[in-house]
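For reference, the structure is listed below as structure tokens.
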Amino acid sequence: MEKRVHFFSIYDMSIGYNLVLAEKAIIKYQNATPSNINDVIELYHIKKLLDNNCRLTTWDDDYLNQLKVQVKDYNGIIAKFFKAISVEQIEVIYESIEWGYRQTFWDIIDQFKMFNIISADVLKRIAQENANDFRTILKCGFIVEKFKGIIRDILLSKSDSAHIIIDKYIARHNSPSDRELFLPSNLTMEDKEYIISRYLESDSPNLNYVRLICQNKDEQKNLILSPLIKVKANKLAEKLNDELMNDERTVIVEQKVGIEFSNIEGIKPCSFKMENDIPKYTYSVRFIKQCDNVQLIANSCYLFNWMNRHFLLELINKNSEVDVLESIAFDMSKNAYPAFNYFLTKNRISLCQLCGYNDILTGMQTSVEQELKKLYEVHLKDKYNYPSLVLNFPNVTDSWLNKCRVLLPELDSVVKQYNTYVEYDEVDIDIIKYSKPLKVTEGKSLLINKYFEINKDNIDISRVLYNMFASGAMLNYVEPYKDKHYHCLYDLLSNENSVSYNNYEDDQKHEIDFLVNQNILKKDDNGLLSLFNIEQTIALQSLWEYHACAYWHYNTEGRNALDEMFTKGWVVKKDNLLTTEERKYFSYCLDNSEFTNGFAYRNHYAHGSTPPKDNENIHQTAYFTILKLLTILILKIEDDLWSASKALSIGVEELNKIHDIIE
């Protein structure tokens, strides 16, 4: 089969390869007119490449402009060829189209609105005969609306149409190459629910799709499912899951972890090792007994690694921790929190750490609750003059259910107190009483630039982060280091000082040039690559992992780098107590307002939908999760007060410098 030019996106790793093909194809079509449908569609891909300013590193501006002149009439050639296709020819021509070009065939009809070359009957036959062809049609909005009657009938008649409804409204699509599916405007909400209901009653529903149905979030403009359908989906998901677990072909993999609090003298405060292929964490009881109040709470960071040194939460889901195969194989709703395996594991470990730690503190005649109360009511007041109110904890003898009911409101209460302090510079009970209800996720910071977070609308920062830190960018794969298996470009440049620009392929050089032009990398006279600015790179790595940087934890050079990113539009400033990703994490744990797969503890313990009273394990797990969240919250308040103090001292220092200059 002839090698054809394809344009997928400006970020696709095959751009360099396709530009080489395009250069040859342009010469070919100068000497010979395109003779068939595949030739004509290739013109469309060539023009797409050049219209998006894709270029080889060997092309200068004059050559690129010369190529653009040579392809400027391609749209006219394409339109003329398609207009000459008769309705009688269309099916024969369509069968001759290479599979990789079939989507483009429909894109051209959609873009040029050439609906007259295809009849409703032909479209119906093509759509019904091949599910993949039907999906290519559904990616073209004008075609879908033009033939909406036929397409609605097909959707209502096909048994697997629920897959399309689910992919359109429920499934998460992380790949930039995933295109939107369009549905006809005459497909009603009742039609959609009928399609879903019929699928749940079909002979072979897929468990992944049924789970996605369970994770649907009702939205008037998208998909609303009745309580009856939701119950039916949840029961079916349980049934299919049980069948899967009982299937003799199913392999069950156990996951174990060891956590030990040891009284042995001379051991490190915290250590980790693999013991019989089981990860084991060991914590020194002797070290814990030497800690003061502040350190006892800070151990959640120092020993347990709940937060990093910039007080950014480690317990959130990080894209950098998601296994590639898992992200591909694991279907997830766009309204579900991305609770992948590593995320679930580290959060289970955090609960085990907290339970064990509380047992040790109990042996020291104290508890996590008592130490947290002391830090909040005494330490914050003594160190920062923060006028904290009394923190209410349940009685030790209370049931786990009642403990949850008492502790949960303290989360919102603590944040409401702090918001009052941010706004009025005091924690006034009367002001709090007349203020509107406030959720944890709505808490504000004393600083208007507490965090710098990724600007989701800026393409350049996404491109920078992907090229620097994603293994999929393949910029770490270069001679002579291919066998060293570095994870990403950042790892490569952090460990090697002789990485040569000249050893990269043309398609890789395209991205390296971008990083050099953006002052992320520098290239010396010998073509050797290195990091442009270490502090800038540290900030970029934080943006990649946490989607945020805690501005006041950086030195002057780091803050200058963040300020420059803000000027470029790469980042935005946030004045929240929690980062966006941290707010998502709290929402996942506390309610289902944002995510459909969360624990919804606020709903359970504050709004009456409590799990069965006698299920103590559920309530105990919930209690320690809420206690963990409260610990994190109070440490975030401590960090905010510290950051505000640092910002003030830096401001005074800068003001003194100005006075010195004036004097």
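The values are calculated or read from the model by the stated rules, or taken from the named source; none is laboratory data. This structure is a prediction, so every number in the text was calculated from the model and none was measured. Don't worry about glycine lacking a Cβ; one is built from the backbone with ideal geometry, like all the others, and counts go over all protein chains shown. These area figures cover heavy atoms from the full protein model, side chains too; ligands, DNA and RNA do not enter into them. Shrake-Rupley method; radii C 1.70, N 1.55, O 1.52, S 1.80 Å.
One line per residue, one yes/no per condition, for (1) within 13 Å of residue 626 (Cβ to Cβ); (2) among the β-branched types (Val, Ile, Thr):
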residue	(1), (2)
356	no, no
362	no, yes
374	no, no
381	no, no
404	yes, no
413	yes, no
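Taking the numbered list (1) in a loop (DSSP other than H, G, I, E, B); (2) in contact with a Phe, Trp or Tyr (Cβ under 9 Å, 6 or more places away or on another chain); (3) among the acidic types (Asp, Glu) in turn, residue 457 passes all entries but (2).
Sort out which residues of the range 58-93 are touching a residue at least 40 places away in the same chain (Cβ under 8 Å) and among the hydroxyl-bearing types (Ser, Thr, Tyr), and write them in order of number. Across the range 58-93, the qualifying residue is only 58. Applying the criterion of at least 2 residues that are in contact with an Asp or Glu (Cβ under 8 Å, 6 or more places away or on another chain) and surrounded by fewer than 17 Cβ atoms within 10 Å (Cβ to Cβ) to the helices (runs of 4 or more DSSP H) found wholly in the range 523-625 leaves 556-568. I want to confirm something. Restricting to the range 286-321 and keeping residues that are in a helix (DSSP H, G or I) and under 28 Å from residue 253 (Cβ atoms), which single residue is modelled with the highest pLDDT? The residue in question is 321.
Taking the residues in the range 618-653 that are of a type in the set (D, E, K, R) and touching a residue at least 24 places away in the same chain (Cβ under 8 Å) as candidates, determine which candidate is farthest from residue 605 (Cα to Cα).
Result: 646.
Looking only at helices (runs of 4 or more DSSP H) that fall completely inside the range 358-448, which ones have 1 or more residues that are without any contact (Cβ under 8 Å) to a residue 60 or more places away in the chain and within 19 Å of residue 619 (Cα to Cα)? It comes to 400-424.
Of a type outside the set (Ser, Thr, Tyr), surrounded by 13 or more Cβ atoms within 10 Å (Cβ to Cβ) and in contact with a strand residue (DSSP E or B) (Cβ under 8 Å, 6 or more places away or on another chain): which single residue out of 416, 444 fits that description? Sole residue among the options that is of a type outside the set (Ser, Thr, Tyr), surrounded by 13 or more Cβ atoms within 10 Å (Cβ to Cβ) and in contact with a strand residue (DSSP E or B) (Cβ under 8 Å, 6 or more places away or on another chain): 444. Quick check: is even one residue across the range 152-160 in a loop (DSSP other than H, G, I, E, B), buried (at least 20 other Cβ atoms within 10 Å of the Cβ) and at pLDDT 95 or above? Looking for residues that are in a loop (DSSP other than H, G, I, E, B), buried (at least 20 other Cβ atoms within 10 Å of the Cβ) and at pLDDT 95 or above, one finds none in the range 152-160, hence no.
One line per residue, one yes/no per condition, for (1) over 22 Å from residue 452 (Cβ atoms); (2) in contact with a helix residue (DSSP H, G or I) (Cβ under 7 Å, 6 or more places away or on another chain); (3) among the small types (Gly, Ala, Ser):
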{"position": "496", "(1), (2), (3)": "yes, no, no"}
{"position": "499", "(1), (2), (3)": "yes, yes, no"}
{"position": "502", "(1), (2), (3)": "yes, no, no"}
{"position": "508", "(1), (2), (3)": "yes, no, no"}
{"position": "521", "(1), (2), (3)": "no, yes, no"}
{"position": "524", "(1), (2), (3)": "yes, no, no"}
{"position": "536", "(1), (2), (3)": "no, yes, no"}
{"position": "555", "(1), (2), (3)": "no, yes, no"}
{"position": "559", "(1), (2), (3)": "no, yes, no"}
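The listed residues are 56, 50, and the only one of them that is surrounded by 12 or more Cβ atoms within 10 Å (Cβ to Cβ) and either in a helix (DSSP H, G or I) or touching a Cys at 6+ places or on another chain (Cβ under 6 Å) (or both) turns out to be 50. Restricting attention to the range 457-486, the residues that are within 25 Å of the chain's Cα centre (by Cα), open to solvent by 90 Å² or more (accessible area, probe 1.4 Å) and among the charged types (D, E, K, R) total 1. Selection of the range 1-47 for residues being under 15 Å from residue 79 (Cα atoms), open to solvent by 20 Å² or more (accessible area, probe 1.4 Å), in contact (Cβ under 8 Å) with a residue 60 or more places away in the chain and assigned to a helix (DSSP H, G or I) yields only 44.
Scanning the range 336-357 for residues that are hydrophobic (A, V, I, L, M, F, W, C) and not in a helix (DSSP H, G or I) returns 336, 339, 340. Restricting the range 466-483 to residues that are in contact with a helix residue (DSSP H, G or I) (Cβ under 7 Å, 6 or more places away or on another chain) and among the polar types (S, T, N, Q) leaves a set whose member that is farthest from residue 322 (Cα to Cα) is 476.
Looking across the range 171-202 at every residue that is open to solvent by 80 Å² or more (accessible area, probe 1.4 Å) and under 29 Å from residue 326 (Cα atoms), the one that is farthest from the chain's Cα centre (by Cα) is identified as 201.
No other residue among 175, 159 is of a type in the set (S, T, N, Q) and farther than 30 Å from residue 472 by Cβ apart from 159. Could we say that residue 221 is on the phi < 0 side of the Ramachandran plot and touching a residue at least 12 places away in the same chain (Cβ under 8 Å) here? The answer is no for residue 221. Out of everything in the range 85-115 that is under 17 Å from residue 4 (Cα atoms) and of a type in the set (Gly, Ala, Ser), what residue ends up being least open to solvent (accessible area, probe 1.4 Å)? For the range 85-115, the residue satisfying everything is 100.
Yes/no per residue for (1) out of contact with any Ser or Thr (no Cβ under 9 Å at 6 or more places or on another chain); (2) within 20 Å of residue 136 (Cα to Cα); (3) modelled with pLDDT under 90; (4) of a type in the set (Gly, Ala, Ser):
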residue	(1), (2), (3), (4)
66	yes, no, no, no
71	yes, no, no, no
74	yes, no, no, no
77	no, no, no, no
92	yes, yes, no, no
97	no, yes, no, no
103	no, yes, no, no
115	yes, yes, no, no
